[in-house]
1. Just to verify a number: what accessible area does Lys59 come out at with the full protein assembly present, 1.4 Å probe, Å² rounded to tens?
2. Using helices alone, I'd like the mean residue ellipticity at 222 nm for the chain: each DSSP H run of four-plus residues gives -39500 (n - 2.57), total over residue count, nearest 500.
3. Of the accessible area of region 1-57, with the probe set at 1.4 angstrom, what percent is carbon plus sulfur?
4. Taking 8 Å as the Cα distance limit and 6 or more residues as the minimum spacing, I'd like the relative contact order of region 168-212 as a percentage.
5. Rounded to the nearest 5, what % of DSSP beta bridges with both residues in region 1-138 are antiparallel?
6. For the pair Asn342 and Glu287, how long in nm is the line joining their label points, each one 7 Å along Cα→Cβ?
7. With θ set to phi - 60°, apply the Karplus curve 6.51 cos²θ - 1.76 cosθ + 1.60 along region 350-355 and write out the HN-Hα couplings as whole Hz, x wherever there is a Gly or Pro.
8. Normalised by the residues of the chain, what does the relative contact order come to in percent, with Cα pairs under 8 Å and at least six apart?
Amino acid sequence: MTAPATPLMSLTWTDHVTGRHGYLVVDRLVRGVSSGGLRMRQGCTLDEVAGLARGMTMKEALHYNPQGRYIPLGGAKGGIDCDPQDPQAYGVLVRYLRAMRPYIESFWTTGEDLGLTQDLVDRAAEEAGLVSSIQAVYPLLDDETAARRRLADAFAVDVDGIGLDELVGGCGVAESVLAALDRAGVPYEGTRVSVQGLGTMGGATARFLARAGLRVVAVADVKGTVANPEGLDVDALLAARDAYGTVDRSALREADRELPGDAWLSADAEVLVPAAVSYAVDAANQEQITARWIVEAANMPVLPEAEELLARRGITVLPDVVVNSGTNAWWWWTLFGDIDANADEAFAYTRRSMRALIDQMLARAEADGTTPRAAAHAIVADRLPVIAERFGWYR
């Protein structure tokens with residue numbers, strides 16, 4: 001039994017106040033429920049959301065552990081075509097969630113994604129009349145009260161001034177990098193990294209990599225790229241961010257340099273981490289890249305034609321469906337009770353799970369003579385029929 005070529009459900013919403021569009025795509029249901037965040041960005045399209053929904057199906061399947069309490073859900077995604085900094089954005093968000101309320105109550109669990117924070121989603125969901133953005137999963141829990149308390153406690157955990165929920169995804173991305181370096185026999189110390197985006201995912205990734213001994217030599221935000229071949233002070237940059245991940249340039253040191261926005265692509269680094277927007281690397285600008293690895297912390301940052309050209313040049317792309325799956329999995333590991341509301345336990349579980357996935361993917365790619373993305377797809381193709389056999393398509 002294989003996955004269908006088209007999603008289970010796809011719809012377009014039009015805001016009656018602004019005329020802006022929003023989208024919901026449910027790629028698959030498992031036990032009647034799907035999982036996938038809600039993004040808000042100017043130019044968001046239905047095709048984009050459909051691709052992300054299929055990616056969520058893959059991420060869920062990749063984390064299937066028959067011995068775990070967490071049973072993977074189906075994949076879904078929501079998107080709103082609106083600049084999140086637009087003064088009307090919050091009203092659009094509330095009206096979108098109000099329109100999607102029947103789906104969120106019944107079978108779509110959602111949360112923060114590009115352009116939105118979980119706090120904002122929670123506030124808008126409450127205003128839209130929802131109990132929670134993940135309430136559809138509650139009937140699957142053994143003890144709903146204990147599970148909701150555990151997740152709330154986890155979101156309240158603070159690590160060095162940063163919420164645990166903001167760190168687990170970056171922990172997973174960083175562990176993906178470290179696993180790839182280990183397989184290649186490359187030492188951490190001195191390995192150079194360039195990161196596009198210093199928001200939740202990019203900032204946490206840079207933090208964990210710097211603490212592992214890697215040298216973050218460039219970071220990019222909406223103002224441009226900040227670079228230093230001797231290494232940037234990651235903690236200082238993180239402390240100088242605003243809510244959108246933009247760094248206050250007054251925090252830069254004398255040796256730090258301000259460069260154009262696309263300079264992160266051509267940085268003299270072994271590892272490139274696109275952690276901001278989709279479609280960042282295309283067939284033209286991939287020529288600027290000299291890194292050995294591109295590690296997709298963002299969703300769909302490398303276009304297929306660019307990835308093919310990069311592979312010909314011996315540059316390995318570690319795909320988003322594996323690399324950035326830690327945040328979604330952490331929600332469910334915590335809610336279902338595989339882990340408690342504890343930072344050390346969360347990081348340890350995330351590292352073990354992500355390393356196992358990266359190792360399996362790279363070993364499969366080597367054995368099959370394919371790219372890591374093709375190997376990840378092959379692993380999903382093996383697992384989806386097992387999940388469907390156990391749980392069916394819709395029930």
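1. About 10 Å², ignoring ligands and nucleic acids.
2. Per the formula, -13000 deg cm²/dmol.
3. Accessible surface attributable to carbon and sulfur in region 1-57 totals 56 percent.
4. Taking the mean separation of contacting Cα pairs over the length of region 168-212, I get 57 percent.
5. Antiparallel: roughly 55 percent of the beta bridges in region 1-138.
6. 5.4 nm
7. 4, 4, 4, 5, 5, 5
8. Computed over the chain, the figure is 17 percent.
The values are calculated or read from the model by the stated rules, or taken from the named source; none is laboratory data. Bear in mind that the values here come from a model prediction, so they are computed numbers and not experimental data. Ideal geometry is used to build each Cβ from the backbone, glycine not excepted, and the neighbour counts take in all protein chains shown. Each accessible area value is taken on the protein alone, full model and side chains, heavy atoms only, with ligands, DNA and RNA left out. Shrake-Rupley method; radii C 1.70, N 1.55, O 1.52, S 1.80 Å.
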